[in-house]
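**Q** Input: one structure, supplied below.
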Amino acid sequence: MAFTVTDSIADDTATFTLTGELDASAAPAFREKIEAASAAHVKKLVLNMGDLEYMASAGLRVLIYAKQKMGVGVDIVLVDTQPMVRDTLEKTGFHHSVTLVDGSGAGR
């Protein structure tokens, strides 16, 4: 499935909904959205990942870039990560740098 990202920036929060497969060909579009959120000086970045079926290393690099670009004062919240994506985040240790929550808002 092709990667799409829809976004909304309001009240110091950027909310992105990621769908499909985040691979090397899709990573630049995601990176552009991250740069727009950073330019808006948001305080929180929420990534709805329930429909993100796959994330290649290029997608992980964009998440790492987001953490660096947004800075220490910005919370990054990953919502409803699929098991395969969550496994990648945990194996790389990136889950320690973000907040993982399920759709109910409960943290992991």
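The values are calculated or read from the model by the stated rules, or taken from the named source; none is laboratory data. In this text the structure is predicted, and so the values were computed from the model without any measurement. Please note: Cβ atoms are built from the backbone with ideal geometry, for glycine as well, and neighbour counts cover all protein chains shown. Only protein heavy atoms, including side chains, enter the accessible area calculation; ligands, DNA and RNA are left aside. Shrake-Rupley method; radii C 1.70, N 1.55, O 1.52, S 1.80 Å.
**Q** So, for the chain, what is the accessible surface per residue at a probe of 1.4 Å, expressed in square angstrom?
**A** On a per-residue basis, 52 Å².
**Q** A further question follows. Show that you can apply the helix-only estimate: for the chain, add -39,500 (n - 2.57) for every DSSP H stretch of four or more residues, divide by all residues, and state [θ] at 222 nm to the nearest 500.
**A** -10500 deg cm²/dmol
**Q** Also, quick follow-up: If R₀ is 25 angstrom, what is the calculated FRET efficiency for the pair GLN68 and SER8, using the beta carbon separation as r and rounding to 0.05?
**A** FRET efficiency, GLN68 to SER8: 0.65.
**Q** Under a 5 Å amide H to amide H cut-off, with H placed in plane at 1.01 Å, what residues pair with ASP23 once short-range neighbours are removed?
**A** Sorted by chain and number, the residues that satisfy this are ALA56.
**Q** So which aspartates and glutamates pass the test for LYS69, namely a Cα distance under 18 Å, with those fewer than 8 places away in the same chain ruled out?
**A** Straight-distance partners of LYS69: ASP7, ASP12, GLU32, GLU35.
**Q** Find out how many positive minus negative residues lie around THR4, taking Lys and Arg as positive, Asp and Glu as negative, among other residues whose Cβ is under 15 Å from that of THR4.
**A** -4
**Q** Return the carbon/sulfur percentage of the accessible area of the chain, one whole number, probe 1.4 Å, all protein chains in place.
**A** Here carbon and sulfur together make up 50 percent of the probe-accessible area.
**Q** Taking amide H positions as placed 1.01 Å from N in the peptide plane, with prolines and chain starts having none, which residues 5 or more places from LEU100, or on another chain, fall under 5 Å of its amide H?
**A** LEU78, ARG108
**Q** Compute, for the chain, the length of the dipole vector about the Cα centre, with Cβ point charges of +1 (Lys, Arg) and -1 (Asp, Glu) only. Units Debye, rounded to 20.
**A** That gives the chain a dipole magnitude of about 380 debye.
**Q** Would you kindly find the accessible area of ILE9, with a 1.4 Å probe and non-protein molecules such as ligands, DNA and RNA excluded, rounding to the nearest 10 Å²?
**A** The value for ILE9 is about 80 Å².
**Q** Among DSSP bridges having both ends in the chain, what percentage is antiparallel? Round to the nearest 5.
**A** Of all bridge pairs located within the chain, approximately 30 percent are antiparallel.
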